[in-house]
Structure formats: C-alpha cells, structure tokens
Amino acid sequence: MIMQGKKGLIVGLANDKSIAYGIAQALHAQGAQMAFTYLNDALKKRVEPIAESFNNSPVYKLDVSDEADMEAIAALVAADFGQIDFLVHSVAFAPKEALTEGFMKTSKSAFQIAMDVSVYSFIDLTNCLESILAPGASIITLSYLGGPKYIPNYNVMGVAKAALESSVRYMAVELGVKGQRVNAISAGPIKTLAASGIGDFKQILNWNEANAPLRKNVTIEEVGNSAMYLLSDLASGVSGEVHYVDGGYNIMAMPAVEKNDEGKTVFVWENRE
C-alpha cells in the first residue's frame, strides 16, 4: 500500500461529509496512520467516533487561534507518533456578516479573523510542528477557485484563499531545502458544513455541474484520492502547486455549449430544466 508506514496529522475534520474525511478515507485505505484534531466539545463528539473507525486514531483539542493549543500540539503528536510524514490543513472561517454583505462592506475585524484562521493558521501550524516533521514530509491545504477568480458571495474568503495559495508557494521554497513539500488542492463546490455559509450555494453547485468539462460535481472521495497522491511518495517531485479537483471547471472562460433538439448551439444551462 502506498501510504504504509506513513504517519500524519489531519487538522479541521468536522464530520463524515467534510473534505478532510474524504482525505482520511483515502489515506486509511492505503495504510496510513492518522491523528485528528477537534475545535471544541461540540465537534469532539463528532470527531471521536470517526477517529475510532480509523484504527482508534489519536484525537487532540486544537483551536488554531489559541496560542496555548498551538504550542502544545507538537508534543501531543510526538508522544503518539514521534515524527510525522504528512500534514493536512483543512481550516477556514469568516464571520457570517462577511459572507452576507458585499465584499466592500467587510469590517476590519472580520477581515483579520478570516485571514488569521484561514491563512495564518497554515503557516503557524507548520512552524509549530517543524520539530516533528520528517525530512521528506508532505503538507497540503485546501483552497477554492474563489481565490484567483471571482465567485458570488464568497467575498472575504476569496481574498483569504488567494493569500493561502500565495503562502503555499513561499512555504514550498523555504521548506524545499529540507526536502519537504507544500501543495494546495482547489476542490470544486461540495456540500459540506463549511459551504453551508456561502449564499446561493445550490446555484453554484448547479452551475459548476452544467459547465465543468466532466459535467459533474466532484465528491469528497475524489478529492481524497488526489490528496493521498500529493501526500505520498508518488508526488515526490511536486511542490508549490495548486492542484484542481473540480471536474475541469477552472479551465472554462465561458459557459459550456451543446446542441439542442433542433441542432442549435446553446449554452448548457439554457438547455436544462
């Protein structure tokens, strides 16, 4: 199995519908040992049964905005695993008002919170775990097309994802001298707890499905398989990349077209109920 003997930490798993869960499934299927974190007691109740289903994986409390939690995480992981071979960062947050008002109405406080939790936590977490990251460790974070492109209602999270993707490139250079790799996965829209805060999300899903080259939305299993590849030695020559797993939607400059019953070329979304 590709990940046999590999050990790592997954930060940000919320439930069995999350992208982080899809990644955990793929890693587990290939023999990896994992540890998970939870934000608070409410999420602990969801995460612990999932961790148990993956060979009773260790679980730790970790609020990425809490300095005490961040300072303690390396020692907790080291006690169970020693060094780790991979790190998955699946953490993002913006206050509700920053996703319901227009982008220009974003408050300074909401902007800072979104950047701190969604971007700086990736840098900070990697620094905190530096002492236990194996020389050839692979690190990934999760992005979205709303970073490099405009997506309705994504607002300040789009700016945060743009900063996150830039951070991947800078981190890849600095960690590359130790043979450590840093990449991001930009997944297409998926019904997750995090996505529930984005306005008109169903419309985004329908539009992506109609216009992606593969004419479908991706699953957490498909994203998980791509993440497993990036975390494995199969991707030993890949670093600093943003890997799209979105059915190809990111390549489109205009809506997709097809022939209707009359043989006329129309936009796909016009030809569907």
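Nothing in this text is a laboratory measurement; each read-out follows from the coordinates by a stated rule. Here the structure is a predicted model, which means the values were calculated and not measured. Reconstructed Cβ throughout: ideal geometry from the backbone, glycine too, with neighbour counts over all protein chains shown.
Once C-alpha pairs closer than 8 Å and six or more residues apart are averaged by separation and normalised to the residue number of the range 7-271, the relative contact order reads 19 percent. When Arg181, Arg46 are arranged by Cβ crowding within 10 Å, least crowded first, meaning fewest neighbours, the order is Arg46, Arg181.
Rounded to the nearest 10 degrees, the angle from helix 201-211 to the longest Cα principal axis of the chain is 70 degrees. Put simply, the amide H of Thr37, placed in the peptide plane, has neighbours under 5 Å in Ile10, Gly12, Leu13, Tyr60, leaving out anything fewer than 5 places away on its chain. Using a cut-off of 26 Å between Cα atoms, the listed pairs Lys7/Lys178; Lys161/Lys216; Lys96/Lys202 include none that exceed that distance.
Ranking of Lys96, Lys191 by neighbouring Cβ atoms within 10 Å, starting from the fewest: Lys96, Lys191. Simple spin-label estimate for Ile151 and Gln112 gives 2.7 nm between the two label positions (7 Å along the Cα-to-Cβ direction from each Cα).
As a rough footprinting exposure proxy, the listed residues Lys161, Lys7 were ranked by other beta carbons within 10 Å of their own, and the order from fewest upward is Lys7, Lys161.
Over the range 127-273, the pair-distance histogram of Cα-Cα distances with 10 Å bins from zero comes to 11, 34, 31, 17, 6, 2, 0 percent, rounded to whole numbers. Normalising by residue count, the chain has a Cα convex hull of 140 Å³ per residue. Between Asn206 and Lys17, the simple spin-label model (points 7 angstrom out along Cα→Cβ) gives 1.9 nm.
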